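Just below is one structure, and these are the notes that go with it.
The values are calculated or read from the model by the stated rules, or taken from the named source; none is laboratory data. The structure displayed is predicted, hence computed values, not measured ones. Here the Cβ positions follow ideal geometry from the backbone for every residue, glycine too, while neighbour counts run over all protein chains shown. These area figures cover heavy atoms from the full protein model, side chains too; ligands, DNA and RNA do not enter into them. Shrake-Rupley method; radii C 1.70, N 1.55, O 1.52, S 1.80 Å.
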Amino acid sequence: MISYVDNKDLIKAEQLHGFFVGWKSPLSPERHLELIRGSTYFIAAYCEGRVVGFITALTDGVNSSFIPLFEVLPDFQGCGIGTELFQRMLIKLENIANVDLICDIDMQPFYERFGMLQSQGMVLRK
């Protein structure tokens, strides 16, 4: 059974294994925990004491927000966890006019289901 939590203090590094699939230099569970604690908002999907999906957001609290990280472990994809995480985050951001994120082209149909529009932008990746 999947449960959802948004309390950063409940998360431990040892619950954060297997994320950042396909990254050239995946973050360690300890660094992952740091970024969670530094996020304005965070929601995790739990299964049997393990985090199996998560989403983070940064916001100025007035006009703009950004969803920098959103991932569901491969073995748990296709079960509705991503949809639930994203819907819950949109509720947290409902009073913010601009919600931005960057995604791969093949993920655009997922976000379009929530009313998001394709856009162009610039990034600097180090």
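Observations
- Label-zone membership for segment 52-67, site residue 14, 7 angstrom Cα→C-beta point, backbone N under 19 Å: 52-53
- The string of couplings for segment 8-13 from the Karplus curve (6.51, -1.76, 1.60, θ = phi - 60°) is 4, 5, 7, 8, 10, 3 Hz, one whole number per residue in order, with x for Gly and Pro.
- Put a dot 7 Å past the Cα of residue 79, heading toward its Cβ, do the same for residue 1, and the two dots end up 1.4 nm apart.
- Simple Cβ-charge dipole of segment 1-77, Lys/Arg +1 and Asp/Glu -1, about Cα centre, in debye nearest 20: 120 debye
- Comparing 81, 96, 43 in a Gaussian network model of the chain (Cα springs below 10 Å), the most mobile by mean-square fluctuation is 96.
- Set of lysines near residue 12 by C-alpha distance (under 24 Å), chain-local residues within fewer than 8 positions excluded: 24, 92
- Accessible carbon and sulfur surface of the chain relative to its total accessible area, %, 1.4 Å: 51 percent
- Set the Cα radius of gyration of the chain against 2.2 N^0.38 Å, with N its number of residues, and you get 1.03.
- Angle in degrees between helix 81-92 and the longest Cα principal axis of the chain, rounded to the nearest 10: 60 degrees
- Per residue value of the accessible surface for the chain (all protein chains in place, 1.4 Å probe), Å²: 65 Å²
- Treating r as the C-beta distance of residue 123 and residue 50 and R0 as 35 Å, the FRET efficiency rounds to 0.70.
- Helix axis angle, 29-38 relative to the chain longest principal axis, alpha carbon, degrees: 40 degrees
- Segment 1-41 and segment 100-126: distance between their alpha carbon centers, rounded to Å: 21 Å
- Backbone geometry of segment 116-126 corresponds, through the Karplus equation with coefficients 6.51, -1.76 and 1.60 at θ = phi - 60°, to 3J(HN,Hα) couplings of 6, 10, 5, 8, 10, x, 10, 9, 10, 10, 9 Hz, x marking Gly and Pro.
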